[in-house]
Amino acid sequence: MIPVRSYIRLLYDYLRRQKARVALLTATMFTAIGLMLVGPQLIRIFLDRAISGEPASQLIPIAVWFMVIAVLQQLFSVAATYLAEQVGWTATNEMRADLADHVLHLDMGFHKEHTPGEMIERIDGDVTAQADFFSAFAIRVLGNSILMVGVIVMLWLENVWVGLGITVFFIAALGAMLRIQAWAVPLWKQVRARSAELMGLVGEQLGGTEDIRGNGGVGYMVRRFTLILRAWLPDQVMGRIGFASLWGTSIANYIVGTVLVFWLGAFFFNEGTLTLGSVYLIFAYAEMSRRPMEQIREQMERFQKAAAGISRVQALFDRTSALDMTGTKSIAPGPLRVELDDVVFGYDHEVVLDHVSLDLGAGRILGVLGRSGSGKTTMARLLTRLYDPLQGSVRLGGIEIRDAGIRSLRGQVGMVTQDVQLFRASIRDNLTFFDGSVPDGRVHEVIEELGLTQWLETMPAGLDTRLEAGGAGLSAGQAQLLAFTRIFLENPGLVILDEASSRLDPATERLIERAVDRLLQNRTGIIIAHRLATVKRADDILILEDGRVVEYGERRTLAADPESRLSQLLVTGMEEVLA
């Protein structure tokens, strides 16, 4: 089914933001259409008067007016086309930006379901597929529809029977094209879905190229790629058949329409009802309507692609976050007390945290140990509210995080992971997350505090030095230090280090240790790690196993207790138990 309502709703939402430009476009377009309808009337008058024997002095002014109107009509048409492109592309660019912003505010569950490549195809590919139709709507669809109505009105005024015959023909032709389009749109929707699947695979392959090649997975990925292309081919063929059907319909319409106009003109001319000028007028208006019919047909072809994108874009806009973002409470600055009360959470019906409870005092540092998959990182995601627990509550500073404003929460919780995300932007933008309000003096102060001044001096343009995406050219330790700098600039009350030291190179290990010590001063800290040495600075220890708390208490007390799990690990040095 053609998503006309969805299209009109999207069109209205984005065009109302450009009211002045749309009003100018409307006036320009109507003027161009009016001038187009006047031109054949002047030629009809010229022919009839010339045949009746009027002198050239009476005919020349008519010819001059026709040329003036023709030139003006072209100028207004060019202006209308320019304005339509401006309006359309501005609207689609805004739609693309809004869609990206909407997706970024969805919960992590959504992002786990969709690969980055698929999201690129949905946000950019689907919008681009409808951009041409969006920008051409005013001129090639709305404008040509108005022109056709004007032609029909003129034909009815000229001769009722001619007007009736052409009207019936137009309705039948449009009806045939709409029926074919309704059949073809689902075919292109499937084509767009296949395209998104392919882009998802390409994104997955590019992101894991090193692992795929290093572990002999090239053949498997090529096979997956081939299978998608094989499934895509018949969908593309069916989509092209829809195109061909509309094209064939337009050819048939042209032939039938031309025959009808010549027959009606000849019949009524022989009857004496129409003059030669009137016959030309009917033929000119019929030819004038052929171009709008053809352009509407072309837009319907593009609408086959655009309609599939429209429904997918609308479905993405309609997707809501699983997280309730209506909280408004502010979390006070400073070290935060962290409380988890009987928390249960899982992915796809698999429990990852099973009735976890803890109470970490403000300003204390908690070391979290456990095997991979024990729930350590999941606990960090709950504290940063990437997910909400299925059961129980999470409180920071005595406030249930569901009741806290999301900006307040994210401003008071900082997290550093082993995989630091750096952008293709300047060092300043990477450190401030593109916040231009942070003064350079504050950035330099933090860099000096973390011992990065000497490194920054080696950069050719200082803070303006452009980094490559993913931190290319930086060591793992330098990337981690930049991540610590971000946290210092935010100055949160709770800092979570999730395996943040697992990729550090020896050359910068002292700087890292110094940075971690300073980062945890006057803040509550949670250090998530596999290695025992990583949590040596912790005040308290939490050991998770299969999502359950198997040990929790003060580090010194646990270390002194020979029966404790921590003590046994320290004595035996069996860090592989946690790996």
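How many residues, within segment 143-164, are surrounded by fewer than 16 Cβ atoms within 10 Å (Cβ to Cβ), over 30 Å from Y82 (Cα atoms) and in contact (Cβ under 8 Å) with a residue 40 or more places away in the chain?
1
Six or more apart or on different chains, Cβ under 6 Å: which pairs go from a residue in segment 423-448 that's under 17 Å from G411 (Cα atoms) and modelled with pLDDT of 85 or more to one that's part of a loop (DSSP other than H, G, I, E, B) and not small (G, A, S)? Could you list them?
As it stands, the answer is T432/V438, since those pairs meet every condition given.
Working carefully through the options L106, L99, L47, L59, find the one that is buried (at least 16 other Cβ atoms within 10 Å of the Cβ) and under 29 Å from F283 (Cβ atoms).
After ruling out the rest, the residue left standing is L47.
Restricting attention to segment 570-577, does a residue exist that is crowded, with 18+ Cβ neighbours inside 10 Å, modelled with pLDDT of 75 or more and in the same structural domain as T417 (by TED's automatic domain parsing)?
No.
Kindly indicate whether any position in segment 549-559 is buried (at least 21 other Cβ atoms within 10 Å of the Cβ) and under 42 Å from the mean Cα position of the chain (by Cα).
no
Looking at R240, R297, R312, can you tell me which residue is closer than 30 Å to R385 by Cβ, assigned to a helix (DSSP H, G or I) and at pLDDT below 80?
Every option except R312 fails the conditions.
Those residues that are of a type in the set (D, E, K, R) and either closer than 18 Å to M288 by Cα or touching an Asp or Glu at 6+ places or on another chain (Cβ under 8 Å) (or both), I need them from segment 229-256; list them, please.
Selection gives nothing.
Kindly indicate whether any position in segment 23-30 is touching a Phe, Trp or Tyr at 6+ places or on another chain (Cβ under 8 Å), of a type in the set (S, T, Y) and free of Cβ contacts under 8 Å to residues at least 60 places away in the same chain.
Within segment 23-30 (the criterion being touching a Phe, Trp or Tyr at 6+ places or on another chain (Cβ under 8 Å), of a type in the set (S, T, Y) and free of Cβ contacts under 8 Å to residues at least 60 places away in the same chain), the answer is yes, since at least one residue qualifies.
Taking the condition assigned to a helix (DSSP H, G or I) and within 47 Å of the chain's Cα centre (by Cα), does L59 pass?
It is false that L59 is assigned to a helix (DSSP H, G or I) and within 47 Å of the chain's Cα centre (by Cα).
In this structure, is L382 in contact (Cβ under 8 Å) with a residue 24 or more places away in the chain, in the same structural domain as A469 (by TED's automatic domain parsing), surrounded by fewer than 18 Cβ atoms within 10 Å (Cβ to Cβ) and in contact with a strand residue (DSSP E or B) (Cβ under 6 Å, 6 or more places away or on another chain)?
Considered against the rule, which asks whether it is in contact (Cβ under 8 Å) with a residue 24 or more places away in the chain, in the same structural domain as A469 (by TED's automatic domain parsing), surrounded by fewer than 18 Cβ atoms within 10 Å (Cβ to Cβ) and in contact with a strand residue (DSSP E or B) (Cβ under 6 Å, 6 or more places away or on another chain), L382 comes out as no.
Quick check: anything in segment 387-399 within 22 Å of R518 (Cα to Cα) and free of Cβ contacts under 8 Å to residues at least 40 places away in the same chain?
no
The values are calculated or read from the model by the stated rules, or taken from the named source; none is laboratory data. This one's a predicted model, so the numbers in the text were calculated from it and none came from an experiment. Quick reminder, even Gly has a Cβ in these numbers, built from the backbone with ideal geometry, and neighbours come from all protein chains shown.
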